[in-house]
1. Within the range 122-147, how many residues turn out to be open to solvent by 10 Å² or more (accessible area, probe 1.4 Å), closer than 17 Å to Asn8 by Cα and part of a loop (DSSP other than H, G, I, E, B)?
2. (1) touching a Leu at 6+ places or on another chain (Cβ under 9 Å); (2) open to solvent by less than 50 Å² (accessible area, probe 1.4 Å); (3) over 14 Å from Cys102 (Cα atoms): which one isn't true of Ile12, the others all being true?
3. Looking for whichever is outside any loop (DSSP other than H, G, I, E, B) and farther than 27 Å from Asn149 by Cα here; the options are Leu49, Leu34. Which one fits?
4. Which pairs turn up if I take residues in the range 35-53 that are aliphatic (A, V, I, L, M) and look for partners that are surrounded by 10 or more Cβ atoms within 10 Å (Cβ to Cβ) and in a loop (DSSP other than H, G, I, E, B) with beta carbon separation below 8 Å, at least 6 apart in sequence or on another chain?
5. Against the definition (within 17 Å of Val15 (Cα to Cα), buried (at least 18 other Cβ atoms within 10 Å of the Cβ) and not small (Gly, Ala, Ser)), how does Met119 come out, yes or no?
Amino acid sequence: VNVALVHNGSPIMGVVYVPVSGELYLGVGAYGALKLQKEAGATIDGSDLGSAQSLPIKMERPFTAVGSRSHMNEETENFLASYRAEHGEVAILSKGSSLKMCMVAEGLADVYPRFAPTMEWDTAAGQAVVEAAGFKMVEKEGRTPLVYNKEDLLNPHFIVL
């Protein structure tokens, strides 16, 4: 479940919830990002936020990229090759689109290149979480933040880092 508040073309608040696992990610502009883990299907309310973890969570791990097996095209492989040249082995994790963004925000991954089609409703909530955690989500070309509420709701290719 992805819910975002977009103001002047930028996501300023986002919630990404995974009912099957009970994971909830919340990002609110300058206030930061949180992850809350509850039992699958449990009711969540404001009182639960006290037990949420601030993001990102610092952890030791190899350089990690998130990607999609179904969207692992030549353009993505070439992009990751530059990271392999710099970091050696690059671990690749796979999850749903907004969850890949949350993995960067959480500190589980370093980069998420997406060089395949997505729509604004796929990314706005995740971008809010990413940015609230102190990371960036930028267009592949130009490295500027994605803009929302455009006439064409198709996103450009992007990179989360």
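The values are calculated or read from the model by the stated rules, or taken from the named source; none is laboratory data. Remember, predicted model here, so these are calculated numbers, not experimental data. A quick note on method: Cβ atoms are made from the backbone with ideal geometry, for glycine too, and the neighbour counts reach across all protein chains shown. These accessible areas exclude ligands, DNA and RNA; they are computed on the full protein's heavy atoms, side chains included. Shrake-Rupley method; radii C 1.70, N 1.55, O 1.52, S 1.80 Å.
1. Qualifying residue count for the region: 2.
2. With respect to (1) touching a Leu at 6+ places or on another chain (Cβ under 9 Å); (2) open to solvent by less than 50 Å² (accessible area, probe 1.4 Å); (3) over 14 Å from Cys102 (Cα atoms), Ile12 is out only on (2).
3. Going through Leu49, Leu34 in turn, just one is outside any loop (DSSP other than H, G, I, E, B) and farther than 27 Å from Asn149 by Cα: Leu49.
4. Leu36/Ile44; Leu36/Ala52; Ala40/Pro19; Ala40/Ser21; Ala40/Gly22; Ala42/Gly22; Ile44/Lys38
5. So Met119 does not fit the description; no.
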